[in-house]
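Read through the structure below, which is laid out as structure tokens, and then see the notes.
The values are calculated or read from the model by the stated rules, or taken from the named source; none is laboratory data. Bear in mind that the values here come from a model prediction, so they are computed numbers and not experimental data. Positions of Cβ are generated from backbone atoms using ideal geometry, with glycine treated the same way; all protein chains shown enter the neighbour counts. Heavy atoms of the whole protein, side chains included, go into the accessibility calculation; ligands, DNA and RNA do not. Shrake-Rupley method; radii C 1.70, N 1.55, O 1.52, S 1.80 Å.
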Amino acid sequence: MEISYYLPEILFGVLAVVAVVWIGRVIWALFLGTKGKTACIHCKGTAQKEEGFSCLFLIPVHFGEVYGDAEQYLRTHMTPIKSKEQIPTGLRACRLEVYRCSTCDKRQVEITDFLNVRGEETVKGHYEFSYDSFAGLIEEWKELSWSSQSKRYSVGQVHGESVSIMKRKGEL
């Protein structure tokens, strides 16, 4: 008998192994996500969430809108906010969390784009990027003075309400 006779069985076996490996990785990622960990984007090791790094940012995107290159758009349009109460109705926000890999010691950011609907977060996107891309924005968030003297700028109206946000250094 020739090998072509067994080709369907061989292909089925290879596909079954690939499916089992993929399912295992999905289950592992879900398990890590519930423990405050994630897979490192650099080496696939285990990255642990750093304490004190859960930053909120407002993005000028309404509930139904989409944007193209997520990394570029978020890096240039995210504006720091203090709490979820500052999210205007109809606008989306992002939560940025920093993770450090225990294997390669590199840092990465996990960004969750969400719409705040009646106090519940409706996730619109979930992204993981290198820390270096967002390091400047994180430093600005840390250094930002939340005093009452901070300048606020109008970004328009949503449902008849005026919406204003604080701008980062060097903007406007």
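Considering segment 135-149, the residues that are open to solvent by 70 Å² or more (accessible area, probe 1.4 Å) and either of a type in the set (A, V, I, L, M, F, W, C) or at pLDDT 70 or above (or both) include one that is farthest from residue 52 (Cα to Cα), namely 146. A single entry from 66, 61 fulfils the requirement of being within 16 Å of the chain's Cα centre (by Cα), open to solvent by 60 Å² or more (accessible area, probe 1.4 Å) and β-branched (Val, Ile, Thr): 66. Residue selection: residue 73 fails the criterion of being among the aromatic types (Phe, Trp, Tyr) and farther than 13 Å from residue 61 by Cβ. Of the listed requirements (1) under 15 Å from the mean Cα position of the chain (by Cα); (2) of a type in the set (Lys, Arg); (3) under 24 Å from residue 120 (Cβ atoms), residue 82 misses just one: (1).
Report, by residue number, each residue of segment 98-123 that is buried (at least 17 other Cβ atoms within 10 Å of the Cβ) and either charged (D, E, K, R) or on the phi > 0 side of the Ramachandran plot (or both).
Across segment 98-123, the qualifying residues are 106, 107, 110, 113.
Taken over segment 39-57, the criterion of being part of a strand (DSSP E or B) and of a type in the set (A, V, I, L, M, F, W, C) is satisfied by 39, 47, 53, 55, 56, 57. Every condition in (1) more than 13 Å from residue 71 (Cα to Cα); (2) part of a strand (DSSP E or B); (3) open to solvent by 30 Å² or more (accessible area, probe 1.4 Å); (4) at pLDDT 85 or above is met by residue 153 except one, and the failing one is (4). Closer than 30 Å to residue 41 by Cα, open to solvent by 70 Å² or more (accessible area, probe 1.4 Å), at pLDDT 90 or above and not aromatic (Phe, Trp, Tyr) - does that describe any residue in segment 84-95? Looking for residues that are closer than 30 Å to residue 41 by Cα, open to solvent by 70 Å² or more (accessible area, probe 1.4 Å), at pLDDT 90 or above and not aromatic (Phe, Trp, Tyr), one finds none in segment 84-95, hence no. Residues considered: 88, 60. Of these, the only one that is in a loop (DSSP other than H, G, I, E, B), more than 19 Å from residue 139 (Cβ to Cβ) and in contact (Cβ under 8 Å) with a residue 40 or more places away in the chain is 88.
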